[in-house]
């Protein structure tokens, strides 16, 4: 439980890797997938239908609305708000016929807010 006494809640229809670290007092709603080595801080709310890729870091008390995609390389600071249907990219030069693993990191600093339906290019710092 967190300081407000709320236990962590993970909806039965969410898929959370056993290798993910979930903080106290979090809420992870239905149809959300959290992959391996994700670190989620205390008091985080993740809405319906989100995808949290491997090795993503989410700080304390963040609110992630429905339909958000956080791909490998994304780090959110504390108290970040991500509006519905936001997508973070991690490849500056995607090509269908290439199998490459190079990604660029993206940082969203403490207390930043990103509105609905935004696509964030990789390799930037927000906030």
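A few comments on the model shown:
- Conditions (1) under 16 Å from residue 125 (Cβ atoms); (2) buried (at least 19 other Cβ atoms within 10 Å of the Cβ); (3) over 11 Å from the mean Cα position of the chain (by Cα); (4) touching a residue at least 40 places away in the same chain (Cβ under 8 Å); number of the one not met by residue 43: (1)
- Those residues of segment 14-28 which are part of a strand (DSSP E or B), under 13 Å from the mean Cα position of the chain (by Cα) and under 14 Å from residue 47 (Cα atoms), in sequence order: 16, 27, 28
- Any hit, segment 92-107, residues being in contact (Cβ under 8 Å) with a residue 40 or more places away in the chain, under 25 Å from residue 47 (Cα atoms) and either in a loop (DSSP other than H, G, I, E, B) or touching a helix residue (DSSP H, G or I) at 6+ places or on another chain (Cβ under 9 Å) (or both): no
- Residues that are within 18 Å of residue 80 (Cβ to Cβ) and not in a loop (DSSP other than H, G, I, E, B), drawn from segment 29-61: 34, 39, 40, 45, 46, 51, 52, 57, 58
- Inter-residue pairs, beta-carbon under 8 Å, first under 18 Å from residue 55 (Cβ atoms) and in segment 1-27, second in a loop (DSSP other than H, G, I, E, B) and at pLDDT below 95, 6+ apart: 23/2
- Summed over segment 97-108, residues that are surrounded by fewer than 16 Cβ atoms within 10 Å (Cβ to Cβ) and at pLDDT 80 or above total 3.
The values are calculated or read from the model by the stated rules, or taken from the named source; none is laboratory data. Because the structure is predicted, anything quoted here is derived from the model rather than measured. Cβ sites come from the backbone with ideal geometry, for glycine too, and all protein chains shown count toward neighbours.
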